[in-house]
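Please read the structure below before turning to the comments.
The values are calculated or read from the model by the stated rules, or taken from the named source; none is laboratory data. Note that the coordinates shown come from a computational prediction; the quantities given were computed from them, not determined experimentally. No Cβ is skipped: glycine too gets one built from the backbone with ideal geometry, and neighbour counts run over all protein chains shown.
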């Protein structure tokens, strides 16, 4: 029997957008396999999720078996144990890496941030992932998460754009969350009394820009809540600054973030570079208006459902904050457009694209 293996290394990594993508697609593939909703070429195939020994597997799978083997650092495990275990079968990786010597694999590369914003990464990380990308774009079937990233990958690695498939992110997982509303009271917030920003301190995420734009907002009673972007050596969860107007909430659960989105005046997404941009779509599922950086990938994800600003011009974001805080008609319009926009994406449709890629290998 033929075998298709999912590279499950992502289960041992901290949860970010890449790992979320991998988890949700694995679960959607499992549902499709269990229901028999497969291309004819993949009907008689055994599916497995490969992970290094000791990896916590917290996915509830019905049709995909878990195969635990090997150990060692993630990249070493991929290039040795995973390669040996999957020879002769097909392999799919959702996290931008995989064994370069494998000749029947598909790999999803999310973006080329290491090339466009190298200052966001350590030198060793950049060199390793640049080499991996160069090798994989020549030996594997490549997928990515947006038309923008498709163009970027083709340009950076000098490969034909027609050979790269687009598999969109989705937010089904977020729309079904039960919000943990206690977080609103715990942070001392009131409904429609704060802007919400979720991100890291990496330069391309542009958090400092958003904070400075907010601090220039006069005559409007609002706070700015920053989730996840606080460096432990600088800020502590719940720490406030600038006269208690900026609240650093630290890392929160999805359910807590959803609760904040439902109460926020708007969600602010100031990134200067993204491969797609899941956070604005997650906010839209909770009926939260979105203020978004006017960059190609975010335009592709958000369409006409966001109020855009130039992420290099403070006054544009400050003006957008003032408008959304004072214009109820604008808020209602963006909320309605956001609800319609997120319907364009689903993990099930993205899983169907993955199956087509694998069938073509």
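Worth a mention:
- Residue in the range 245-257 that is surrounded by 23 or more Cβ atoms within 10 Å (Cβ to Cβ), under 24 Å from the mean Cα position of the chain (by Cα) and not in a loop (DSSP other than H, G, I, E, B) present: yes
- Residues of the range 1-43 satisfying the condition of being in contact with a strand residue (DSSP E or B) (Cβ under 7 Å, 6 or more places away or on another chain) and not in a helix (DSSP H, G or I): 1, 2, 3, 4, 5, 6, 7
- Where residue 304 falls short, out of the listed (1) outside any loop (DSSP other than H, G, I, E, B); (2) out of contact with any strand residue (DSSP E or B) (no Cβ under 7 Å at 6 or more places or on another chain); (3) at pLDDT 95 or above: (1)
- With respect to the conditions (1) buried (at least 21 other Cβ atoms within 10 Å of the Cβ); (2) touching a helix residue (DSSP H, G or I) at 6+ places or on another chain (Cβ under 7 Å); (3) assigned by TED's automatic domain parsing to the domain that holds residue 221, residue 334 lacks only one, and its number is (2).
- Checked against the criterion of being part of a helix (DSSP H, G or I), without any contact (Cβ under 8 Å) to a residue 40 or more places away in the chain and either farther than 21 Å from residue 169 by Cβ or outside the structural domain of residue 21 (by TED's automatic domain parsing) (or both), the range 275-293 contains one or more residues that satisfy it.
- Of the helices (runs of 4 or more DSSP H) lying entirely inside the range 169-228, not one is found with 3 or more residues being modelled with pLDDT of 95 or more, out of contact with any helix residue (DSSP H, G or I) (no Cβ under 7 Å at 6 or more places or on another chain) and surrounded by 19 or more Cβ atoms within 10 Å (Cβ to Cβ).
- Hey, residue 121 in contact with a helix residue (DSSP H, G or I) (Cβ under 7 Å, 6 or more places away or on another chain) and either more than 20 Å from residue 23 (Cα to Cα) or free of Cβ contacts under 8 Å to residues at least 24 places away in the same chain (or both) or not: yes
- Within the range 128-158, being surrounded by fewer than 16 Cβ atoms within 10 Å (Cβ to Cβ) and not in a helix (DSSP H, G or I) holds for one residue alone: 158.
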